[in-house]
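Trainee: Let me begin by handing over the structure; questions about it come next.
What follows draws every value from the coordinates through simple rules; no lab data is involved. The model shown is predicted, which means the values in this text are computed figures rather than measured ones. So basically every Cβ, Gly included, is an ideal-geometry build from the backbone, and we count neighbours across all protein chains shown.
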């Protein structure tokens, strides 16, 4: 039986297809764009296309296809609704009609929206599954809407389903112009492994674990980010002087940063907490901040071989002077 991977031309979709093919598992990549990892080209909003994709028998679905935050600059709100909500609805319907045994939906920590930014002077936000999302743009709103559809199908149609709210795993530059101009890209992404980033290899592994666990869980929702070394007692100081916390926890970081001319951010305003995914899915992420420091001590790249193989893809058919994020939202 086959695993359908939507968005197979994207970062995560390609990574999943690479891993599945390398392990000789039957996988069918679908996307609106052709690619070496796309078997069928078409839209998930097209019932006829999905009917063809599911005709040979589908055991599981990993739904990564989406319009992303960078598309805010190039796509209308209705297109976000059509892809992220209507497309997800069509796929859920096809999964139920096809007797799919497990369904994994790739969501995003962007659904938390305004809940990620504490008031001035307040401690950094501790972001786990209990935090109530407050979407602040059409990307977050439509991904949250798609989550609600997934939850409804899990409960009303008994579709075993897991939602994974992933933090940053893309290799492209930061969406904030102030960060792009002040920090080297590697510096930024190493810093982010402390609190808001996860390596692509670890994202793939948790998706495959979620596929396996979905029939037993029936429904679950998880924050997916590299395990943070911080504790809630660190939150106040992280907002004011994160470098002090990092140097206390990782004395070896200081010479590594100094030798490269890197620095820690002046503040950390949120911390993503993936403890539930580790406990309930059996996830064992490898590519965290501590592992990155060990690699950097040997002058090695701190990204996984899978992340490096997939590389940067971009998000637009045209290039913007401001990089992949021509707007901040």
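Trainee: With an 8 Å cut-off on Cα pairs and a minimum separation of 6 or more residues, tell me the relative contact order of the chain in percent.
Mentor: Numbers: 611 pairs, mean separation 61.8, N = 329.
So the answer I get is 19 percent.
Trainee: Run the numbers for residue 128 and residue 114: contour at 0.36 nm per residue of separation, minus the present Cα-Cα distance, in nm.
Mentor: Details: separation 14, 0.36 × 14 = 5.04 nm, distance 1.44 nm.
Stretched out fully, the residue 128 to residue 114 stretch lengthens by 3.6 nm.
Trainee: Using Cβ contacts closer than 10 Å as the measure, can you line up 30, 62, 3 from fewest to most?
Mentor: Numbers: 30 25, 62 29, 3 22.
Listing 30, 62, 3 from fewest to most nearby Cβ atoms yields 3, 30, 62.
Trainee: Provide the FRET efficiency to the nearest 0.05 for the residue 55-residue 79 pair, computing r from the beta carbons and using R0 = 25 Å. Mind showing how you got there, number by number?
Mentor: On the way: r = 28 Å, r/R0 = 1.11.
The pair residue 55/residue 79 has a calculated efficiency of 0.35.
Trainee: Counting pairs of alpha carbon atoms under 8 Å apart in space and at least six apart in sequence, what relative contact order in percent does segment 119-263 give? Don't skip to the answer; put the middle values down first.
Mentor: Working: 129 pairs, mean separation 48.9, N = 145.
The value is 34 percent.
Trainee: What list do you get for 97, 234, 202, 39 if you sort them by fewest beta carbons within 10 Å? Intermediate results must be reported in sequence, preceding the final value.
Mentor: Details: 97 13, 234 22, 202 25, 39 17.
Least crowded to most crowded, the residues run 97, 39, 234, 202.
Trainee: Run the simple label-point estimate for residue 25 and residue 93 please: 7 Å along Cα→C-beta, distance reported in nm.
Mentor: Spacing of the two 7 Å Cα→Cβ label points: 2.8 nm.
Trainee: Is segment 75-117 best put as rounded, prolate or oblate by its Cα gyration tensor, with a ≥ b ≥ c the root eigenvalues, rounded for a/c under 1.5, and otherwise prolate when a/b is larger than b/c, oblate when not?
Mentor: Details: a/c = 4.57, a/b = 1.59, b/c = 2.88.
Because a/c hits 1.5 or more and a/b fails to exceed b/c, segment 75-117 counts as oblate.
Trainee: Relative to the longest principal axis of the chain, what angle (0 to 90°, nearest 10) does the C-alpha long axis of helix 200-217 take?
Mentor: The answer is roughly 50 degrees.
Trainee: Further question on the same structure: Ranked highest first by the average count of other Cβ atoms within 10 Å around their residues, in what order do 288-299, 272-283, 101-112, 76-87 fall?
Mentor: Values: 288-299: 15.3, 272-283: 19.2, 101-112: 23.6, 76-87: 17.7.
By packing density, highest mean first, the sequence is 101-112, 272-283, 76-87, 288-299.
Trainee: Please report the spacing between the Cα centers of segment 231-248 and segment 39-55 in Å, no decimals.
Mentor: 48 Å
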